[in-house]
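Presented below is the structure to which this report refers.
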Amino acid sequence: MSRMFFWCCNLNNLVISSFDTKKVTDMSDMFFECNNLNNLDLSSFDTKNFNNMNSIFYGCPDCIYESNKSKFKKFKKEELF
């Protein structure tokens, strides 16, 4: 899932609740520079196998991280941006 929405600058609302992330390990740069994204619910993501989250939220509004931070407790905030 790495770079799936990379540089999707015009993306502002994304519904991905049906994604099955049980076997996903790399989500690096997934929302890289999605700077207009203002609604993203990752509550359905199973993050236990994630090991690379580098820059998943790089360039995204802080509200995206704040509304989903409970899913990324094992990672430092600095790794995610």
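Some values worked out for this structure:
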{"item": "Among 7, 65, 50 - extreme Cα towards positive end, dipole of the chain, charges at beta-carbon", "result": "50"}
{"item": "Extension gain, residue 78 back to residue 6 (0.36 nm per residue minus Cα-Cα distance, nm)", "result": "24.1 nm"}
{"item": "Lysines whose Cα lies under 16 Å from that of residue 77, excluding same-chain neighbours fewer than 8 positions away", "result": "69"}
{"item": "Label point distance in nm, residue 54-residue 23, each placed 7 Å from Cα along Cα→Cβ", "result": "2.5"}
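Here, each number is a calculation from the coordinates, and none is a lab measurement. Just so it is clear, the model here is predicted, and its values are computed rather than measured. Reconstructed Cβ throughout: ideal geometry from the backbone, glycine too, with neighbour counts over all protein chains shown.
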